[in-house]
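In what follows, a structure is listed as structure tokens, so that the remarks can point back to it.
No lab work stands behind these numbers, since they all come straight from the coordinates. For clarity, every value in this text was computed on a predicted model and none was experimentally measured. Neighbour counts run over all protein chains shown; Cβ positions are idealised from the backbone, glycine included.
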Amino acid sequence: MFIRFITTGGTIDKIYFDELSQFEVGDSQVRHVLTEALVGFDYDVVPMMQKDSLELTDADRQQLHDFVASDDAERYVITHGTDTMPQTADALADLTDKTIVLTGALSPARFRSTDAVFNVGMAVAAVQVAAPGVYIAMSGRVFAAGEVRKNRAENRFENL
């Protein structure tokens, strides 16, 4: 089995700059997570963007859509910032012949305490067993595109 990972940035890839007292999106951590997990499937990682999801534009979403639509893989895990993940899932919803799972993290993958590794694992499991379509794997659950929102007050994803 082959899974194509596409990275767009978001908290999962953020790094802390002490001299700036802020977080910025850095290099993707997905390859590191997969290497550490000793996964037993074939994959590649396509770095597409390094943006906070609040900075993603409709043109960025169209670029992602066009890439997946024209690509030959069948299964995709897309790492993405959590704030606009549902909007990106909606933008990909017409790609019904592929299985696409978006995931991210509420704290950076570089942190000792993070949900990133768990979420990537959930996404990998989901992309292997879900029917073609678009999903979000966050908060220990798998949601269909168009049926999920981020509850900022509770810092989790939930059904609409």
Inset, instruction - Name the single residue, out of those in region 34-46 being out of contact with any Ser or Thr (no Cβ under 8 Å at 6 or more places or on another chain) and not in a loop (DSSP other than H, G, I, E, B), that is surrounded by the most Cβ atoms within 10 Å (Cβ to Cβ). - result: LEU34
Inset, instruction - Report the residue count in region 130-160 for those that are in contact (Cβ under 8 Å) with a residue 24 or more places away in the chain and closer than 12 Å to GLN87 by Cα. - result: 8
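Just give me the residues in region 123-144 being over 11 Å from the mean Cα position of the chain (by Cα) and farther than 18 Å from HIS65 by Cβ, in sequence order.
Restricting attention to region 123-144, the residues satisfying the condition of being over 11 Å from the mean Cα position of the chain (by Cα) are 125-134, 139-144.
Passing the criteria: ALA125, ALA126, GLN128, VAL129, ALA130, ALA131, SER139, GLY140, ARG141, VAL142, PHE143.
Would you mind listing the strands (runs of 3 or more DSSP E) fully within region 47-152 where at least 1 residues are of a type in the set (S, T, N, Q) and more than 14 Å from ILE12 (Cβ to Cβ)? Working first, answer last.
Working: elements: 75-79, 99-103, 133-138, 141-144, 148-151.
Filter on region 47-152 gives 99-103, 148-151.
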Inset, instruction - Tell me, yes or no, whether region 126-133 has at least one residue that is closer than 25 Å to ALA37 by Cβ and in contact with a helix residue (DSSP H, G or I) (Cβ under 9 Å, 6 or more places away or on another chain). - result: no
Inset, instruction - Could you tell me which residue of region 65-118 is surrounded by the most Cβ atoms within 10 Å (Cβ to Cβ), considering only residues that are of a type in the set (Asp, Glu) and within 13 Å of the chain's Cα centre (by Cα)? - result: ASP115
